[in-house]
Amino acid sequence: MPSKLDTLAARRAALVERCADQRAQLAQEVAQLSSPRTLGLIPAYAARHRKTALVVAGVAAGLFLTRPKWAVGSVTAVVSAYKFAQKLLPVLGWKGFEIH
């Protein structure tokens, strides 16, 4: 008859194995979700280079606070160019710019 310690050790080993399987499955799902195919090209790049994206966002916020007129004009121009690119690039056969 197995002792209580043996039973607990077996249960612990089973739980450790189950946790390892769940970690591997979660890592695969996270990698799949952050792929360019799922997110699109730009958001996937930002997800992989989070530190750079945060630096760019910080610089943009600083410019917006110090020079709001210039920043608003720049944001308007960038949004217009992005909308134009979303319409033009799929027509040209480059589908990496679409937002899903």
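The values are calculated or read from the model by the stated rules, or taken from the named source; none is laboratory data. Values in this document were obtained by computation on a predicted structure and should not be read as measured data. Positions of Cβ are backbone-derived with ideal geometry, glycine not excepted, and every protein chain shown enters the neighbour counts.
Quick notes on this one:
- Any hit, segment 65-75, residues being at pLDDT 80 or above and hydrophobic (A, V, I, L, M, F, W, C): yes
- Failed criterion for His100 (all others in (1) in contact with a Gly (Cβ under 7 Å, 6 or more places away or on another chain); (2) at pLDDT 80 or above hold): (2)
- Segment 49-72 - residue that is within 26 Å of the chain's Cα centre (by Cα) and loosely packed, with under 11 Cβ neighbours inside 10 Å and, of those, farthest from Ser35 (Cα to Cα): Val59
- Tally of residues being surrounded by 11 or more Cβ atoms within 10 Å (Cβ to Cβ) and basic (Lys, Arg) across segment 15-48: 1
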